[in-house]
1. Applying the Karplus parametrisation 6.51 cos²θ - 1.76 cosθ + 1.60 with θ = phi - 60° to the phi angles of segment 19-29, what ³J(HN,Hα) value in whole Hz is obtained for each residue in order, glycine and proline being reported as x?
2. Mind listing the long-range amide H neighbours of residue 81? Cut-off is under 5 Å, sequence gap 5 or more, other chains count too, H placed in the peptide plane at 1.01 Å from N.
3. Could you go through segment 97-108 in sequence order and give the Karplus-derived ³J(HN,Hα) for each residue, using 6.51 cos²θ - 1.76 cosθ + 1.60 with θ = phi - 60°, rounded to whole Hz, and x for Gly and Pro?
4. Given points 7 Å out from each Cα along the Cα-Cβ axis, report the residue 72 to residue 133 separation in nanometres with one decimal.
5. Could you list the trypsin sites (Lys or Arg not before Pro) in segment 31-76 that lie in coil according to DSSP, counting only those with at most 14 other Cβ atoms within 10 Å of their Cβ?
6. Determine the alpha carbon to alpha carbon distance for each of 9/33; 113/133; 33/113; 33/86 and list only those over 28 Å.
7. Write out the GluC sites (Glu not before Pro) in segment 120-156 meeting two conditions: DSSP loop, and at most 13 other Cβ atoms within 10 Å of their Cβ.
8. Per-residue HN-Hα couplings for segment 80-86, Karplus 6.51 cos²θ - 1.76 cosθ + 1.60 at θ = phi - 60°, whole Hz, x for Gly and Pro?
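Nothing in this text is a laboratory measurement; each read-out follows from the coordinates by a stated rule. All values reported here derive from a predicted model rather than from experimental measurement. No Cβ is skipped: glycine too gets one built from the backbone with ideal geometry, and neighbour counts run over all protein chains shown.
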Amino acid sequence: MAIKEIELKVPSSYADITLKQWIELQNELEAYKDDADAVTALMLYHLCGLEPKYMKSITIDDYALVKQELESFLGNTELPLQRIIKIAGKEYGFEPNLSQMSYGAFADITQYKDLTIDKNWAKIMSVLYRPIKHKKGEMYSIEAYDGEMREDIFLEVGMHIHFGALFFFVNLLMDLLNATLKSTMAKDIHPNIKQILERSGQLIPHSLTSPAEILQK
């Protein structure tokens, strides 16, 4: 009987996991959240490429190593905002001045009920990050928003970028709620953004910690 060799690509950080992989995993985890074996199989499939039919073929030692590697970073999603990123050799910059954001960009972001990592997140990211026109040191300007959402390219971007952007808004929400922002800054934040952030804040903690919690169980 021939022995099949199975090769796993185990991510060592969120940089190794794309938004597409993460969303697909989250969608399936919701459907199988009460089945521990199915959840484990889904995580190894989406994050490591292990097909479910081979789940029982891996050794206990290999499983322990994979589990340890995933646990080393899955529990920490509060990553820093990366203002400049590179996609396919092209530099993109995070919206440098949210208070001066164009009406079109603002409207397209606030049309969504929540600011959280779901099926709409890639569209939001394509509004927030746009190609850099000019850069000098840490200062840069980005292309004007043209209303076209290029979400496909952000589906392939690593989750370290996405979590960094998300937690920028999470921390902004915390500052607003704790009244630590200067009054002039708080005045520049549109009420709709604050309401969306407050709703999102209720969803974020569970959605971000659930993979790590499931793996530990």
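1. Per-residue couplings from phi come out as 4, 4, 4, 5, 5, 4, 5, 4, 4, 6, 4 Hz.
2. none
3. 8, 4, 6, 10, 4, 5, 4, x, 5, 4, 5, 6
4. Result: 4.4 nm between the two label points.
5. Details: sites: 33, 53, 56, 67; in loops: 33.
Answer in residue order: 33.
6. Values: 9/33 24 Å; 113/133 31 Å; 33/113 24 Å; 33/86 35 Å.
Going by Cα-Cα distance, 113/133; 33/86 fall outside the 28 Å limit.
7. Working: sites: 138, 143, 148, 151, 156; in loops: 138, 143, 148, 156.
In loop regions of segment 120-156 (DSSP not H, G, I, E or B), the sparsely surrounded GluC sites (Glu not before Pro) are 138, 143, 148, 156.
8. Here the 3J(HN,Hα) series is x, 5, 9, 5, 10, 10, 10 Hz.
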